[in-house]
């Protein structure tokens, strides 16, 4: 009889496939991608062939139709090699899922075949220079002009900006804060769409980040996802899954650094014995492993709730994101401490994971906002 807290055979198979793909196509090259700020588009194409470009896009639209737990398993496995690569797979999946779930049949037919295969890659554009945590304050305008919208404004911190083919964009079509937001799909070559210079970042160097700029950019009304004014609702629903994915990326990175720390402390000799023989080292490793498993358990529960559309899914998603990203960063930090001075060198992978995971407590809603979501939901009961 299967333990209710174990993965199913299918889930183990999905996890194993993602781990093998990571070991072959990501882990050996991740340090070079980071050093050279290389965007591994060829790896996206290979991931698309495995179905990783449409993990929770419906089978009717050509996707794999999996749940959020399966998606988390894939993100966690890929982050073991490179959190940046894994996180971008999450962004593409959010954009494809949004089109599949809310767009018209005609819009789905135009975009999803290429997005599912990752022949084309999508970016998601919500954040603006003046609206980060307060996403509903976005100002990028979309004025109706016949059968087009005319877009003006700027999106900030957009992963893949200038490289990717398709941009799922939240714009303002009405004055009311949350009900005045609409979702549009914009092609890279649309006149009036341009991109800022690539940002120089602490981490996530394998994923370019830049502004997306709209200047009298004409987008067909036919490219609208859902009805006018529904965009903010779509964005919030997308974030429930995105928060799970970024938490899973932290789990994968933390697991890699824990494994590296265990191996290193067994080999490193100080005071005539392996560093792992010291009780202090064992206590550090024990706490790292315990915190990792606790965060993983909560994230898997939250993923099941989001898949089931449970009434408390948003609270659990926020809880899992907060715990996984905070714990993940602390585990990597402790791994660096166990490596000592060598952990600070680029000869070892720890410092890269330390840099890459730091932003996870900011992405998809800061962890302070996660606490607000959790607290408000608790007091609403």
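The values are calculated or read from the model by the stated rules, or taken from the named source; none is laboratory data. Since the model is a prediction, treat every value here as computed from it, not as a measurement. Note that we place each Cβ from the backbone using ideal geometry, even for glycine, and neighbour counts take in every protein chain shown.
Residues checked against (1) surrounded by 13 or more Cβ atoms within 10 Å (Cβ to Cβ); (2) modelled with pLDDT under 95; (3) touching a strand residue (DSSP E or B) at 6+ places or on another chain (Cβ under 9 Å):
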| residue | (1), (2), (3) |
| --- | --- |
| 261 | yes, no, no |
| 265 | yes, no, yes |
| 271 | no, no, no |
| 277 | yes, no, no |
| 283 | no, no, no |
| 286 | no, no, no |
| 295 | yes, no, no |
| 299 | yes, no, no |
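When the residues of the stretch 176-200 are filtered to those that are within 21 Å of the chain's Cα centre (by Cα) and more than 27 Å from residue 100 (Cβ to Cβ), which remaining residue is surrounded by the most Cβ atoms within 10 Å (Cβ to Cβ)? Filtering the stretch 176-200 for residues that are within 21 Å of the chain's Cα centre (by Cα) and more than 27 Å from residue 100 (Cβ to Cβ), the one surrounded by the most Cβ atoms within 10 Å (Cβ to Cβ) comes out as 198. Being part of a loop (DSSP other than H, G, I, E, B) and closer than 24 Å to residue 347 by Cβ is the filter; apply it to the stretch 264-316 and report the residue that is nearest to the chain's Cα centre (by Cα). Looking at residues that are part of a loop (DSSP other than H, G, I, E, B) and closer than 24 Å to residue 347 by Cβ, I get 268.
Under 23 Å from residue 31 (Cα atoms), in contact with a helix residue (DSSP H, G or I) (Cβ under 7 Å, 6 or more places away or on another chain), outside any helix (DSSP H, G or I) and not assigned by TED's automatic domain parsing to the domain that holds residue 91: which single residue out of 357, 363, 338 fits that description?
Criteria check complete, one pass: 363.
Residues in the stretch 28-45 that are at pLDDT below 95 and surrounded by fewer than 21 Cβ atoms within 10 Å (Cβ to Cβ) were compared, and the one that is nearest to residue 17 (Cα to Cα) is 45. All told, residue 114 meets the bar of being surrounded by fewer than 24 Cβ atoms within 10 Å (Cβ to Cβ), touching a residue at least 12 places away in the same chain (Cβ under 8 Å), out of contact with any helix residue (DSSP H, G or I) (no Cβ under 9 Å at 6 or more places or on another chain) and over 21 Å from residue 356 (Cβ atoms). Candidates are the residues of the stretch 201-217 that are buried (at least 17 other Cβ atoms within 10 Å of the Cβ) and farther than 23 Å from residue 36 by Cβ; the one that is nearest to the chain's Cα centre (by Cα) is 212. The selection criterion, being surrounded by fewer than 24 Cβ atoms within 10 Å (Cβ to Cβ), within 19 Å of the chain's Cα centre (by Cα) and on the phi < 0 side of the Ramachandran plot, holds for residue 69. Restricting the first member to the stretch 195-208 and to residues that are more than 18 Å from residue 92 (Cα to Cα), and the second to residues that are modelled with pLDDT of 95 or more and assigned to a loop (DSSP other than H, G, I, E, B), the beta-carbon pairs closer than 6 Å and six or more apart or on different chains are 195/161; 195/162; 198/208.
The number of residues in the stretch 157-171 being outside any loop (DSSP other than H, G, I, E, B), surrounded by 24 or more Cβ atoms within 10 Å (Cβ to Cβ) and out of contact with any helix residue (DSSP H, G or I) (no Cβ under 6 Å at 6 or more places or on another chain) comes to 4. The conditions of being under 26 Å from residue 361 (Cβ atoms), outside the structural domain of residue 364 (by TED's automatic domain parsing) and part of a helix (DSSP H, G or I) are met by residue 70. Against the numbered list (1) surrounded by fewer than 22 Cβ atoms within 10 Å (Cβ to Cβ); (2) touching a residue at least 40 places away in the same chain (Cβ under 8 Å), residue 257 comes up short only at (1).
Of all residues in the stretch 190-208, those being in contact with a strand residue (DSSP E or B) (Cβ under 9 Å, 6 or more places away or on another chain) and either outside the structural domain of residue 129 (by TED's automatic domain parsing) or more than 19 Å from residue 142 (Cβ to Cβ) (or both) number 8.
Answer yes or no: is there a residue in the stretch 341-353 that is under 16 Å from the mean Cα position of the chain (by Cα) and either in a helix (DSSP H, G or I) or without any contact (Cβ under 8 Å) to a residue 24 or more places away in the chain (or both). Checked against the condition, which is being under 16 Å from the mean Cα position of the chain (by Cα) and either in a helix (DSSP H, G or I) or without any contact (Cβ under 8 Å) to a residue 24 or more places away in the chain (or both), the stretch 341-353 yields at least one hit. Applying the criterion of being in contact (Cβ under 8 Å) with a residue 24 or more places away in the chain and not in a helix (DSSP H, G or I) to the residues of the stretch 6-27, the residue that is surrounded by the most Cβ atoms within 10 Å (Cβ to Cβ) is 26. When the stretch 129-156 is limited to residues that are in a loop (DSSP other than H, G, I, E, B) and closer than 18 Å to residue 225 by Cα, the one that is nearest to the chain's Cα centre (by Cα) turns out to be 138.
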